[in-house]
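Undergrad: Quick one: this structure, given as structure tokens, is what I'll be asking you about.
Derivation of every value follows stated rules applied to the coordinates shown; laboratory data play no part. Values in this document were obtained by computation on a predicted structure and should not be read as measured data. Backbone-built Cβ (ideal geometry, glycine too); neighbour counts: all protein chains shown.
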There are 2 protein chains.
Amino acid sequence: MDNTLVSDQSTEQRILEAARRVFVVKGFAGARMQEIADAAGINKALLHYYFRSKEKLFEQIFREAFGRLLPGLAEIFSRPLPFFRKIELFTETYISLVIEQPYLPVFVLSEMHRNPDDFFQKHIQPEMLASIRQIGRQFAEAAQEGLIRPIDPRQLMLNIMSLCVFPFVGRPMLQRMMQVNDTEYQQLMEARRQSVSAFIIQAIQP
Amino acid sequence: MDNTLVSDQSTEQRILEAARRVFVVKGFAGARMQEIADAAGINKALLHYYFRSKEKLFEQIFREAFGRLLPGLAEIFSRPLPFFRKIELFTETYISLVIEQPYLPVFVLSEMHRNPDDFFQKHIQPEMLASIRQIGRQFAEAAQEGLIRPIDPRQLMLNIMSLCVFPFVGRPMLQRMMQVNDTEYQQLMEARRQSVSAFIIQAIQP
DNA sequence: GTCTATAGTTAGATAGAC
DNA sequence: GTCTATCTAACTATAGAC
């Protein structure tokens with residue numbers, strides 16, 4: 001792990017950044033307050049001074065990570081654009097987002113896995129669910145109008161999410177299985193910005 | 001002596017089964033030896049009697065889980081079958097496998113995420129890598145022969161793996177986002193056995 | 001706000017009786 | 001083989017000086 005000190009920020013910011021780095025790699029249970037303190041270049045006691053408990057510190061990190069993972073994406077599907085263009089824009093935006101924050105998905109997924117309903121109730125707003133339903137309706141309409149072939153809209157949604165997210169979640173395994181080095185893998189991810197939407201669009205052509 | 005309950009299994013087997021259940025949900029760091037002992041209906045000390053340490057017990061569970069995740073799948077691509085049939089067979093087999101062991105992928109992925117090279121060296125045999133390269137070559141050939149459209153074989157491999165695995169890895173999130181209940185989600189996974197290969201095959205048509 | 005020192009808990013591992 | 005009791009280390013959290 002990268003243990004470089006985070007400096008020229010307020011102590012609170014340094015703690016948050018350090019906590020992010022540690023939690024995201026080790027998870028809640030695996031993270032140690034001492035390690036976060038070291039990474040922030042401060043003392044353990046100060047962590048509690050700023051954030052009362054490990055739990056509370058984690059909450060803040062998780063909430064923030066989760067918030068970054070979806071917002072603005074649903075919005076794309078409400079724009080007045082051709083259907084296929086929306087898919088292009090969505091996949092490009094999503095993949096770009098995750099290229100910049102590659103640890104986010106596996107962090108959110110594995111923490112959620114341990115405590116699904118709890119985390120979900122805490123962090124998912126009803127509006128988000130509404131906009132997801134809205135996307136589903138658009139898929140269904142497109143199929144009905146013959147714009148795309150008949151396909152269960154939920155399957156289409158699963159397929160799109162899978163193609164965007166999994167190469168990042170599964171990277172430690174996939175990269176080693178495919179025996180490519182870091183640079184090559186990053187290039188593959190760059191290329192996916194275009195190739196994934198092409199793949200999807202051909203797959204749903206009538 | 002014969003104080004065993006329902007279980008006609010050996011103590012060792014009961015421990016392994018309990019450990020599997022606990023590790024798979026909580027991960028190595030989150031799991032507690034006490035919880036495993038409780039789940040197995042035995043004492044903490046007995047865990048150490050059978051498996052020296054938490055580390056060793058975990059090793060055994062992880063090795064086994066990992067072993068179940070790929071084997072036999074690479075073999076499909078060495079059979080004398082039409083190319084598209086191989087893809088069908090692969091996705092069907094994979095999805096069926098994961099339907100039966102839905103916790104496997106996220107367990108393997110999140111543990112691997114914390115310690116990639118270590119785990120990889122311990123658990124990946126060179127033959128597996130060879131057969132993966134072999135699959136890659138088949139993709140490349142199919143593209144060259146014009147059987148499928150030009151596509152980077154590595155991207156195709158990423159796409160196939162993503163479509164098969166992610167809906168299981170991401171289930172806690174996806175299911176809640178899409179607001180479907182357990183039964184419906186299982187039905188969706190059943191349906192994917194067919195629909196995923198159809199999706200892929202159309203996407204790579206020349 | 002930041003530190004040192006320490007209290008309080010928990011969890012992995014071992015000793016020893018049966 | 002299985003148990004109870006206990007040791008030891010690690011970790012979260014707090015007290016109190018500066």
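Undergrad: When Cβ neighbours within 10 Å are restricted to other protein chains, what is their mean count per residue of peptide A:190-201?
TA: For peptide A:190-201, the averaged partner shielding equals 3.
Undergrad: Here is a follow-up. Going down the list A:LYS44/A:LYS122; A:LYS44/B:LYS44; B:LYS26/B:LYS56, which pairs span over 25 Å between their C-alpha atoms?
TA: On the way: A:LYS44/A:LYS122 27 Å; A:LYS44/B:LYS44 32 Å; B:LYS26/B:LYS56 17 Å.
Violating the 25 Å Cα-Cα cut-off are A:LYS44/A:LYS122; A:LYS44/B:LYS44.
Undergrad: Any idea what the dipole of chain A comes to, in debye rounded to 20, about its Cα centre with Lys/Arg Cβ at +1 and Asp/Glu Cβ at -1? Please report the intermediate quantities before stating the final value.
TA: Working: 24 positive and 23 negative charges, 61 e Å.
Here the size comes out at about 300 debye.
Undergrad: By how many degrees, between 0 and 90 and to the nearest 10, does the Cα long axis of helix A:83-100 differ from the longest principal axis of chain A?
TA: 20
Undergrad: Would you work out which of B:ALA198, B:PHE119, B:LEU70 lies farthest towards the positive end of the dipole of chain B, given +1 charges on the beta-carbon of Lys and Arg and -1 on that of Asp and Glu, about the Cα centre?
TA: B:PHE119
Undergrad: From the label point of A:GLN205, set 7 Å from Cα along Cα→Cβ, how far away are the matching label points in the other copies, in nm, ordered shortest to longest?
TA: So the label point of A:GLN205 gives 0.7 nm to the other copies.
Undergrad: Against the longest alpha carbon principal axis of chain A, how many degrees, from 0 to 90 and to the nearest 10, is the axis of helix A:126-144 turned?
TA: Compared with the principal axis, the helix lies near 20 degrees.
Undergrad: Residue-wise, which Karplus ³J(HN,Hα) couplings in Hz belong to the stretch B:156-163, taking 6.51 cos²θ - 1.76 cosθ + 1.60, θ = phi - 60°, and x for glycine or proline?
TA: For the stretch B:156-163, the Karplus curve yields 4, 5, 4, 5, 4, 4, 4, 5 Hz.
Undergrad: Something else: List, shortest first and in nm to one decimal, how far the label point of B:ARG85 (7 Å from Cα along Cα→Cβ) is from its counterparts in the other copies.
TA: Copy-to-copy label distances for B:ARG85: 4.5 nm.
Undergrad: With bins 10 Å wide starting at 0, give me the P(r) of the stretch B:118-175 over every alpha carbon pair, in whole percents.
TA: Final binned percentages: 20, 33, 33, 14, 0.
Undergrad: Quick one: label points 7 angstrom along Cα→Cβ at B:GLN144, distances to the other copies in nm, smallest first?
TA: Distances to the matching label points in the other copies: 4.9 nm.
Undergrad: Can I ask one more? Tell me the mean residue ellipticity at 222 nm calculated for the protein assembly as shown from its helices only (DSSP H runs of n ≥ 4, each -39500 (n - 2.57), averaged over every residue, nearest 500).
TA: After summing the helix terms and dividing by the residues of the protein assembly as shown, the value is -24500 deg cm²/dmol.
Undergrad: Compute, for the protein assembly as shown, the length of the dipole vector about the Cα centre, with Cβ point charges of +1 (Lys, Arg) and -1 (Asp, Glu) only. Units Debye, rounded to 20.
TA: 180
Undergrad: Quick one: which residues, 5+ away or cross-chain, put their amide H under 5 Å from the amide H of A:ARG149? H built at 1.01 Å from N.
TA: The list, which skips near neighbours in sequence, is A:GLN205.
Undergrad: May I ask you to derive the relative contact order of the stretch A:75-206, considering only C-alpha pairs under 8 Å and at least 6 residues apart, and to give it as an integer percent?
TA: Answer for the stretch A:75-206 is 40 percent.
Undergrad: A further question follows. Amide H neighbours of B:ILE124 under 5 Å, counting only residues 5+ apart in sequence or on other chains, H built in-plane at 1.01 Å?
TA: Amide H neighbours of B:ILE124: none.
Undergrad: How large is the Kirkwood hydrodynamic radius of the stretch B:1-102, counting all unique pairs of alpha carbons, in Å? Don't skip to the answer; put the middle values down first.
TA: Numbers: mean 1/r = 0.0632 Å⁻¹.
Averaging 1/r across every pair of different Cα atoms and inverting gives 15.8 Å.
Undergrad: A follow-up question, please. Hey, with R₀ at 22 Å, roughly what FRET efficiency would B:LEU147 and B:GLN194 work out to, going by the Cβ-Cβ distance, to 0.05?
TA: The computed FRET efficiency comes out at 0.55.
Undergrad: Moving to a separate point now. Please state the charge dipole magnitude for the stretch B:29-122, taken about the Cα centre, from unit charges on C-beta atoms (+1 on K and R, -1 on D and E), reported in debye and rounded to the nearest 20. Please list the in-between numbers first.
TA: Details: 12 positive and 12 negative charges, 37 e Å.
The dipole of the stretch B:29-122 has a size of about 180 debye.
Undergrad: Find the all-direction average of the projected area of the Cα convex hull for the protein assembly as shown, expressing the result in square nanometres with one decimal place.
TA: 23.2
Undergrad: How many partner chain Cβ atoms sit within 10 Å of a residue's Cβ in peptide B:152-158, on average, as a whole number?
TA: Details: counts 4, 1, 8, 9, 2, 3, 13.
Partner-chain Cβ atoms within 10 Å, mean over residues of B:152-158: 6.
Undergrad: Can you give the alpha-carbon Rg of the stretch B:69-206 over 2.2 N^0.38 Å, where N counts its residues?
TA: On the way: Rg = 15.9 Å, N = 138, 2.2 N^0.38 = 14.3 Å.
Compactness ratio reported: 1.11.
Undergrad: Using only alpha carbon pairs under 8 Å that are at least six residues apart, calculate the relative contact order of the stretch A:11-64 and give it in whole percent.
TA: Contact order relative to length: 39 percent.
Undergrad: Mind listing the phi-derived Karplus ³J(HN,Hα) values for the stretch A:186-193, rounded to whole Hz, using 6.51, -1.76 and 1.60 with θ = phi - 60°, and x for any glycine or proline?
TA: With the stated coefficients, the stretch A:186-193 comes to 4, 4, 4, 5, 4, 4, 5, 3 Hz.
Undergrad: Using θ = phi - 60° and the Karplus curve 6.51 cos²θ - 1.76 cosθ + 1.60, what whole-Hz ³J(HN,Hα) does each residue of the stretch A:164-175 get, with Gly and Pro shown as x?
TA: 6, 8, 4, x, 8, 4, x, 3, x, 7, 4, 4
Undergrad: OK, next. Kirkwood Rh, Cα Rg: Rg to Rh for the stretch A:11-64?
TA: Radius of gyration relative to Kirkwood radius: 0.90.
Undergrad: Rank B:PHE83, B:PHE168, B:PHE120 by mean-square fluctuation in a GNM of chain B with C-alpha springs under 10 angstrom and give only the top-ranked residue.
TA: B:PHE120
Undergrad: Taking each residue of A:22-29 in turn, how many C-beta atoms of other protein chains fall within 10 Å of its C-beta, and what is the average?
TA: What the average comes to for A:22-29 is 3.
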